[in-house]
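The values are calculated or read from the model by the stated rules, or taken from the named source; none is laboratory data. Fair warning: this is a prediction, and the values are worked out from it, not measured in the lab. Because the Cβ atoms are built from the backbone with ideal geometry, glycine has one as well, and the counts that use them run over all protein chains shown.
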Amino acid sequence: MKFRAEIDIMPLKALLDPQGKAVTQSMKNIHLSEITNVRVGKHISLEIEAPDKKTAESKVDEACKKLLANQIMESYVFELSEL
Amino acid sequence: MKFGVVVFPGSNCDADMIYVIESILKQQVVRLWHKDTDLQGCDFIILPGGFSYGDYLRSGAIARFSPIMENVITYAEKGGFLLGICNGFQILCEAGLVPGVLLHNDNQKFNCKNVYISTENKNTLITQNCLPKQVLKIPIAHGEGRYYVDDNTLKQMKQNDQILFRYCSEAGQLSHLANPNGSVEHIAGVCNASKNIFGMMPHPERAADTNLGNTDGLYIFKSILGLVTA
């Protein structure tokens, strides 16, 4: 079976996100100062071959923990769908 | 002493480091290509600065899984001496060889300038020739150097004397003004609990040649060689 994972990785809430801060600042320049607290993360999409959904989930989780996210500074969530 | 400098795709401080070791320190040095696995019997391994793998994903995240890193990690876990500078420090953090991470600078700038760092622990291989709290002038060049570690780990690190350097003023005062990137407690360099793995953001290899008008980096290199400086 083939699955697609859609992974969202965000900087931890407790940490300053300078990129988000710069983008928030820029909202004023486009006259949308009502937009605040922008935080910028990453979206990663990948495909995985696995015998079942549970195995696919555990492999994607392993990929997130080992490489895709650094849990000292980021959190991640993902959704898996069968292709 | 035989030094090994690991070269990743995107390393750009390897040549400066090799020049200092070979031409200034007069020591043997070999390049260790990231796709090799043989550490060639080196006594001291350096992960140099640069932008390994274009800083893709996170600085150091991909380099950390380069083929040579498996043996570098085994070597360091057995007590082998390992120093990571700038991107090398980021790789050490990603590999979990030293605690913490290096985040984007709080001021959203790539900072390339001389800074002052205070020697916070002079009882390590790379600081033994420094005086306690000795201030060194060493250049930095990074966009992601904001050292961060959680409070509990930081507490343990302090109890175990793992803070090597802190950003400071020329007179040695710690302050937010002297901190170029927003690092927690002004930290510029750390080591692991066993004190054989060292990571620092400033570049001592850029301050080791009289022709450059600054040789403060030699305090670190001569410490490594166990030489006594006048």
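Looking only at region B:166-214, count every residue that is within 27 Å of B:Ser23 (Cα to Cα) and aromatic (Phe, Trp, Tyr) and tell me the total.
1
When B:Leu177 is evaluated against the numbered criteria (1) part of a loop (DSSP other than H, G, I, E, B); (2) under 19 Å from B:Ile45 (Cβ atoms), which criterion, by number, is the only one it fails?
B:Leu177 satisfies every listed condition except (2).
Within region B:43-66, is there a residue that is of a type in the set (Asp, Glu), closer than 13 Å to B:Cys86 by Cα and out of contact with any Pro (no Cβ under 7 Å at 6 or more places or on another chain)? First the steps, then the outcome.
Of the residues in region B:43-66, the ones of a type in the set (Asp, Glu) are B:43, B:55.
Restricting the remaining residues to those that are closer than 13 Å to B:Cys86 by Cα gives B:55.
Now restrict to residues that are out of contact with any Pro (no Cβ under 7 Å at 6 or more places or on another chain): B:55.
Scanning region B:43-66, I find at least one residue that is of a type in the set (Asp, Glu), closer than 13 Å to B:Cys86 by Cα and out of contact with any Pro (no Cβ under 7 Å at 6 or more places or on another chain), so the answer is yes.
Can you tell me which residues in region B:176-190 are of a type outside the set (A, V, I, L, M) and out of contact with any Phe, Trp or Tyr (no Cβ under 7 Å at 6 or more places or on another chain)? So that I can check it myself, show each step before the final result.
So in region B:176-190, the residues of a type outside the set (A, V, I, L, M) come out as B:176, B:179-183, B:185-186, B:189.
Across region B:176-190, the qualifying residues are B:His176, B:Asn181, B:Gly182, B:Glu185.
Which members of region B:137-173 meet the condition of being within 14 Å of chain A (Cβ to nearest Cβ) and within 16 Å of B:Phe198 (Cβ to Cβ)?
So the first thing to find is which residues in region B:137-173 are within 14 Å of chain A (Cβ to nearest Cβ), and the list is B:142-154, B:157.
Answer for region B:137-173, where residues must be within 14 Å of chain A (Cβ to nearest Cβ) and within 16 Å of B:Phe198 (Cβ to Cβ): B:Gly145, B:Tyr147, B:Val149, B:Met157.
Being surrounded by 16 or more Cβ atoms within 10 Å (Cβ to Cβ) and in a strand (DSSP E or B), is that true of even one residue in region B:92-102?
First, the residues of region B:92-102 that are surrounded by 16 or more Cβ atoms within 10 Å (Cβ to Cβ): B:92-95, B:97-102.
Those left that are additionally in a strand (DSSP E or B): B:101-102.
Looking through region B:92-102, at least one residue is surrounded by 16 or more Cβ atoms within 10 Å (Cβ to Cβ) and in a strand (DSSP E or B).
Are any residues in region B:107-147 among the polar types (S, T, N, Q) and either more than 15 Å from the chain's Cα centre (by Cα) or modelled with pLDDT under 95 (or both), and if so, which ones? It would help to see each step written out before you state the result.
First, the residues of region B:107-147 that are among the polar types (S, T, N, Q): B:107-108, B:111, B:114, B:118-119, B:121, B:123-124, B:127-129, B:134.
Within region B:107-147, B:Asn107, B:Gln108, B:Asn111, B:Asn114, B:Asn123, B:Gln128, B:Asn129, B:Gln134 qualify.
How do the pairs read when you match residues in region A:46-66 that are free of Cβ contacts under 8 Å to residues at least 60 places away in the same chain with residues anywhere that are assigned to a loop (DSSP other than H, G, I, E, B), using Cβ under 6 Å and keeping only pairs 6 or more apart or on different chains?
Correct list of pairs: A:Ala56/A:Ala50.
Any residue at all in region B:155-176 that is under 16 Å from B:Leu92 (Cα atoms), of a type in the set (Gly, Ala, Ser) and in contact (Cβ under 8 Å) with a residue 24 or more places away in the chain?
Taking every residue of region B:155-176 in turn, none turns out to be under 16 Å from B:Leu92 (Cα atoms), of a type in the set (Gly, Ala, Ser) and in contact (Cβ under 8 Å) with a residue 24 or more places away in the chain.
Matching residues to (1) modelled with pLDDT of 95 or more; (2) surrounded by 11 or more Cβ atoms within 10 Å (Cβ to Cβ); (3) of a type in the set (A, V, I, L, M):
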position	(1), (2), (3)
A:Asp8	yes, yes, no
A:Lys13	no, no, no
A:His31	yes, no, no
A:Ser45	yes, no, no
A:Ile48	yes, yes, yes
A:Thr55	yes, yes, no
A:Lys59	yes, yes, no
A:Leu68	yes, yes, yes
A:Leu80	yes, yes, yes
